[in-house]
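Please read the structure below before turning to the comments.
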Amino acid sequence: MRLTPRAPVRLARAIGPLLLAAAVAAPAVVATPVAAPSTSARTSAAEPDFPAYDSGYHNWTETVAEIMQAAADHPDIVKVFSIGKSYQGRDIWMAKVSDNVNTDEDEPEVLIDALHHAREHLTTEQALAILHWLSDDYGTDPTVTRLVDTRETFIVFALNPDGMRYDLTGDPFRAWRKNRQRTPSGTAIYTDLNRNYGYDWGCCGGSSANKSAETYRGPAPWSAPETRALRDFVNSRVINGVQQIRTHITLHTNGELILWPYGHTKTNVPRDMTVQDHDAFVALGRAMAARNGYTAEQSSDLYITDGDQIDWLYFQHRIFSFTFELYPTEKPTVWGDHYPDDSRIAAQTARNRSAILYLIDHADCPYAAVDAAAANRNCGPLYDDFELDRGWTRDPYGTDTATAGRWERGIPAPTSKSGPKQLAASSGQRALVTGAAAGSRPAANDLDGGRTTMRSRPVTLDADPAKVGQLSFYYLFAHAATSTSADLFRVQIEAQDGTRTTVFEQRGKPVDRDGAWTQVYLSIDAWAGQTVRVVVQAVDGGAGNLVEAGVDDVRIRR
Ligand SMILES: [Zn+2]
């Protein structure tokens, strides 16, 4: 769409008529994926290419060749693999950059991806530039060397290779945005990959159900093989209940913007986001913008999107996920200017070096962008706001006796009987509670019949007692006036040898006790150097008594 005003500029330059004719005549679809073609593919009539005046851009075969060359040049720190196939069968290549690259080390991980949208070719150039910074400058640039040694960075260069190639079969471009997926019946249905992700897909007027629309979201979430490949890779990075990827950038053009979630709502901190995380998004976004001169804002400040990638990555995995809209600044048009002259590539990708290295650096503690207090609070060995399943196990010892209202991670429905008993989550929308649903009456879904137990994933504490940090959590324990000391809420530490020590306990008594989130700080220095688990128990020891318990925001600080 932005091609028209640029056409005179294009024509004034050396466009050989033969070259144009070759580009137009090139088949739009090549069924066989190209594994590791040589750079001479540029001259092949079969491979769609940029016009001569934009030869600084990499077409698909050149992109693949460059990735493979980087791996060949730096086999100790660059590994290339495919995360899946595009609709037309091309490999979606990913490069991992890290020291000991063939080992999955316990290091914070970063994901960067490019070219969801076919015409946004500058994003592939940016991804290639990042690969070169991290690999070519390893051993000479101290920051790069440190980040390669202490992080694992994963880069996707073109999530939409079919669309990337198709865009180059125009005159000279097609301004193509979507993938090249057709329905089995042959009807042309192409999907906007950045509206096809599975969180709040199609929820909010930020995509289209019209198959010919630029923002067609597809017939169902994850209907596109390209988004499924990205999803499956991200899901595979959950190790022992912990998502290894902490920060992410998806590269788009254009507008010179840094966007944080959510796109589906104008609300700054809806219930499906925590205040802590929003603060970190804003701090990270502004810090990056200060480094590259972009404008940082919430994604929905640009326009509402739904089913987009950053919303899913944050909601489903709590990854600090950003959209970069690259050069140039947005013109007064909806779809932007995606074809800057190739002479701009070097400067406009180098411009983002400091910002991108900053986000790679902050993968070890995104909250550090807010302040030291937020880092100490949230970046210790354990921080669980229960918005995700982070590896808690119910009834780990097989000794639970509760018959109803067992611990579960859920969205607690407030209940009231002679005052509030179960409350909404302390932060975000989810907590660990004894029966999240309200039920038909306040006592319908409380804890009954005995004991319920939850145990955390193993957490390794610092060997220096002065550095172990406190255990803190919010809890609520509510009961009716018929309660006795047989009802209780307690927290234990399970040591490495399996012994359990109670570090906090509240017992029932014959008074009406309302629910109130209360924060507790406890010393756990005695377990320095050990791998421990946190155990929470609630017991309804009487008959027919109303007992509710809840836990949220469990932390071992640093
Ligand atoms: Zn885009």
**Request:** Among what's in region 171-190 and is under 16 Å from A158 (Cβ atoms) and within 14 Å of the ligand (Cβ to nearest atom), pick the residue that is surrounded by the most Cβ atoms within 10 Å (Cβ to Cβ).
**Result:** N179
**Prompt:** S86 fails exactly one of the following numbered conditions: (1) touching a residue at least 24 places away in the same chain (Cβ under 8 Å); (2) touching a Lys or Arg at 6+ places or on another chain (Cβ under 7 Å). What is the number of that condition?
**Reply:** (2)
**Options E152, E107; residue that is more than 16 Å from the ligand (Cβ to nearest atom), buried (at least 24 other Cβ atoms within 10 Å of the Cβ) and under 20 Å from the mean Cα position of the chain (by Cα)** = E152
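I'm trying to understand the selection: among the residues of region 393-405, which are of a type in the set (V, I, T) and in a strand (DSSP E or B)? Working first, answer last.
So the first thing to find is which residues in region 393-405 are of a type in the set (V, I, T), and the list is 393, 399, 401, 403.
The one that is of a type in the set (V, I, T) and in a strand (DSSP E or B): T393.
Before we move on, is G170 over 15 Å from A118 (Cβ atoms) and not in a helix (DSSP H, G or I)? Give the steps one after another, and end with the answer.
Details: over 15 Å from A118 (Cβ atoms): no; not in a helix (DSSP H, G or I): yes.
Against the criterion (over 15 Å from A118 (Cβ atoms) and not in a helix (DSSP H, G or I)), G170 does not qualify.
Table: residues versus (1) modelled with pLDDT of 95 or more; (2) hydroxyl-bearing (S, T, Y); (3) within 15 Å of the ligand (Cβ to nearest atom).
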| residue | (1), (2), (3) |
| --- | --- |
| R228 | yes, no, no |
| G241 | no, no, no |
| E256 | yes, no, yes |
| G263 | yes, no, yes |
| V269 | yes, no, no |
| G293 | yes, no, no |
| L313 | yes, no, no |
**Fill in**
E62 passes all but one of the listed conditions (1) part of a loop (DSSP other than H, G, I, E, B); (2) more than 16 Å from the ligand (Cβ to nearest atom); the exception is number (1)
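Test L122 against the criterion of being more than 15 Å from the ligand (Cβ to nearest atom), hydrophobic (A, V, I, L, M, F, W, C), touching a residue at least 24 places away in the same chain (Cβ under 8 Å) and buried (at least 22 other Cβ atoms within 10 Å of the Cβ), and give yes or no.
Working: more than 15 Å from the ligand (Cβ to nearest atom): no; hydrophobic (A, V, I, L, M, F, W, C): yes; touching a residue at least 24 places away in the same chain (Cβ under 8 Å): yes; buried (at least 22 other Cβ atoms within 10 Å of the Cβ): yes.
Judged against the criteria, L122 is not a match.
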**Complete:** Note: among T434, T452, just one is assigned by TED's automatic domain parsing to the domain that holds A538, modelled with pLDDT of 95 or more and surrounded by 14 or more Cβ atoms within 10 Å (Cβ to Cβ), namely T452
**Request:** Give the residues of region 403-429 that are farther than 11 Å from E548 by Cβ and buried (at least 23 other Cβ atoms within 10 Å of the Cβ), sorted by residue number.
**Result:** W407, A425, G428
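Scan region 371-392 for residues that are part of a loop (DSSP other than H, G, I, E, B) and within 19 Å of the chain's Cα centre (by Cα) and jot them down. Break it down into steps so the answer makes sense when it comes.
So the first thing to find is which residues in region 371-392 are part of a loop (DSSP other than H, G, I, E, B), and the list is 371, 379-381, 385-392.
Hits for region 371-392 are C379, D385, F386, E387, L388, D389, R390, G391.
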**Prompt:** If you scan region 60-83, which residues turn out to be in contact (Cβ under 8 Å) with a residue 24 or more places away in the chain and of a type in the set (S, T, N, Q)?
**Reply:** T61, T63
**Scope region 219-241; condition touching a helix residue (DSSP H, G or I) at 6+ places or on another chain (Cβ under 7 Å) and either crowded, with 20+ Cβ neighbours inside 10 Å or more than 16 Å from D308 (Cβ to Cβ) (or both); matching residues** = A224, E226, T227, V234
**Asked** When A71 is evaluated against the numbered criteria (1) within 16 Å of the ligand (Cβ to nearest atom); (2) among the aliphatic types (A, V, I, L, M); (3) touching a Ser or Thr at 6+ places or on another chain (Cβ under 9 Å), which criterion, by number, is the only one it fails?
**Response** (1)
**Request:** Looking only at region 253-265, decide whether some residue is more than 15 Å from the chain's Cα centre (by Cα), more than 16 Å from E330 (Cβ to Cβ), in the same structural domain as F324 (by TED's automatic domain parsing) and surrounded by fewer than 18 Cβ atoms within 10 Å (Cβ to Cβ).
**Result:** no
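Rundown of residues vs (1) within 20 Å of D171 (Cα to Cα); (2) assigned to a helix (DSSP H, G or I); (3) modelled with pLDDT of 50 or more; (4) not hydrophobic (A, V, I, L, M, F, W, C), yes/no style:
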site	(1), (2), (3), (4)
A7	yes, yes, no, no
E66	no, yes, yes, yes
P75	no, no, yes, yes
N100	no, no, yes, yes
T103	no, no, yes, yes
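So, Y197, is that one of a type outside the set (A, V, I, L, M, F, W, C), within 16 Å of the ligand (Cβ to nearest atom) and under 30 Å from N378 (Cα atoms) or not? Can you show your working first?
On the way: of a type outside the set (A, V, I, L, M, F, W, C): yes; within 16 Å of the ligand (Cβ to nearest atom): yes; under 30 Å from N378 (Cα atoms): yes.
Against the criterion (of a type outside the set (A, V, I, L, M, F, W, C), within 16 Å of the ligand (Cβ to nearest atom) and under 30 Å from N378 (Cα atoms)), Y197 qualifies.
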**Flag for G529 being crowded, with 18+ Cβ neighbours inside 10 Å, in contact (Cβ under 8 Å) with a residue 12 or more places away in the chain and assigned to a loop (DSSP other than H, G, I, E, B)** = no
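The values are calculated or read from the model by the stated rules, or taken from the named source; none is laboratory data. Source: prediction; values computed, not measured. Cβ: placed from backbone, ideal geometry, glycine included. Neighbour counts: every protein chain shown.
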